[in-house]
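Before anything else, here's the structure in question.
The values are calculated or read from the model by the stated rules, or taken from the named source; none is laboratory data. Just so it is clear, the model here is predicted, and its values are computed rather than measured. Reconstructed Cβ throughout: ideal geometry from the backbone, glycine too, with neighbour counts over all protein chains shown. Just so you know, the surface numbers come from the protein's heavy atoms only, side chains and all, with ligands and any DNA or RNA stripped out. Shrake-Rupley method; radii C 1.70, N 1.55, O 1.52, S 1.80 Å.
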Amino acid sequence: MRTMRQRIIDLHAQLVAILKTPRARQILRILSNVLIAAAIAAAIYGLVYLLLYLIGFGSAGVIGGSLAAWIQSIFYGAFVPAGSIFAILQSISMTASIGGFLTTVAALTPPIYVLMSFLRG
């Protein structure tokens, strides 16, 4: 009767043999590229929200004393027209959520993956 250690060693050897096949390497390369693309998309999402926050667009609205507050006071006052760039940026900053994060990552991953594949040749 084989010991658990021997079974694990045998399974490991089988797995290594499978992973050395060209098809498995291709699948692993694709998966790693998708994970890298998803990480890049997540970083883009985070950087956009960080930039908006640094400018002065917070989760509860425009942050007092910020660049965004100054722009609002100079160009818009109390009335910000719907659909304006300022309103869009304010809306984006106020609607950060896990759903938005996942949607953004899901939407950005395929084009980033295609771009990476194109650049790698």
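Scan the range 67-121 for residues that are closer than 23 Å to Val34 by Cα and not hydroxyl-bearing (Ser, Thr, Tyr) and report the count. Quick ask: steps written out before the conclusion?
First, pick out the residues of the range 67-121 that are closer than 23 Å to Val34 by Cα: 97-121.
From what is left, the residues that are not hydroxyl-bearing (Ser, Thr, Tyr) are 98-102, 105-108, 110-112, 114-116, 118-121.
Total meeting the criteria: 19.
Scan the range 1-45 for residues that are of a type in the set (A, V, I, L, M, F, W, C) and either under 15 Å from the mean Cα position of the chain (by Cα) or not in a helix (DSSP H, G or I) (or both) and jot them down.
The answer is Met1, Val34, Leu35, Ile36, Ala37, Ala38, Ala39, Ile40, Ala41, Ala42, Ala43, Ile44.
Six or more apart or on different chains, Cβ atoms under 9 Å: show the pairs whose first residue is in the range 65-86 and under 23 Å from Leu54 (Cβ atoms) and whose second is part of a loop (DSSP other than H, G, I, E, B) and open to solvent by 80 Å² or more (accessible area, probe 1.4 Å).
Gln72/Ala78
For every residue, the table says whether it meets (1) loosely packed, with under 10 Cβ neighbours inside 10 Å; (2) under 30 Å from Ala106 (Cα atoms); (3) of a type in the set (Ser, Thr, Tyr).
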| site | (1), (2), (3) |
| --- | --- |
| Ile9 | no, no, no |
| His12 | no, no, no |
| Gln26 | no, yes, no |
| Ile30 | no, yes, no |
| Ala38 | no, yes, no |
| Ala43 | no, yes, no |
| Tyr49 | no, yes, yes |
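Then there's this: Would you confirm whether or not the range 109-121 contains a residue that is outside any helix (DSSP H, G or I), over 23 Å from the mean Cα position of the chain (by Cα), surrounded by fewer than 14 Cβ atoms within 10 Å (Cβ to Cβ) and modelled with pLDDT of 90 or more? So that I can check it myself, show each step before the final result.
To start, the set of residues in the range 109-121 that are outside any helix (DSSP H, G or I) comprises 121.
Within this subset, residues satisfying the condition of being over 23 Å from the mean Cα position of the chain (by Cα) are 121.
Within this subset, residues satisfying the condition of being surrounded by fewer than 14 Cβ atoms within 10 Å (Cβ to Cβ) are 121.
Next, only the ones that are modelled with pLDDT of 90 or more stay: none.
Within the range 109-121 (the criterion being outside any helix (DSSP H, G or I), over 23 Å from the mean Cα position of the chain (by Cα), surrounded by fewer than 14 Cβ atoms within 10 Å (Cβ to Cβ) and modelled with pLDDT of 90 or more), the answer is no, since none of the residues qualifies.
Check whether at least one residue in the range 71-84 is within 27 Å of Leu108 (Cα to Cα) and open to solvent by 50 Å² or more (accessible area, probe 1.4 Å), and report yes or no. Spell out the reasoning first.
Taking the range 71-84 as the starting set, the residues that turn out to be within 27 Å of Leu108 (Cα to Cα) are 82-84.
Of the ones still in play, those that are also open to solvent by 50 Å² or more (accessible area, probe 1.4 Å) are 82-83.
Yes, because at least one residue in the range 71-84 is within 27 Å of Leu108 (Cα to Cα) and open to solvent by 50 Å² or more (accessible area, probe 1.4 Å).
In the range 66-96, which residues are modelled with pLDDT under 95 and in a loop (DSSP other than H, G, I, E, B)?
Residues satisfying the conditions are Gly77, Ala78, Phe79, Val80, Pro81, Ala82, Gly83, Ser84, Thr95, Ala96.
Would a scan of the range 52-62 turn up a residue that is part of a loop (DSSP other than H, G, I, E, B), open to solvent by less than 70 Å² (accessible area, probe 1.4 Å) and farther than 30 Å from Pro110 by Cα?
Residues of the range 52-62 that are part of a loop (DSSP other than H, G, I, E, B), as a first pass: 56, 59-60.
So of that shortlist, the ones also open to solvent by less than 70 Å² (accessible area, probe 1.4 Å) come out as 56.
From the residues that got through so far, the ones that are farther than 30 Å from Pro110 by Cα too are 56.
Taking every residue of the range 52-62 in turn, at least one turns out to be part of a loop (DSSP other than H, G, I, E, B), open to solvent by less than 70 Å² (accessible area, probe 1.4 Å) and farther than 30 Å from Pro110 by Cα.
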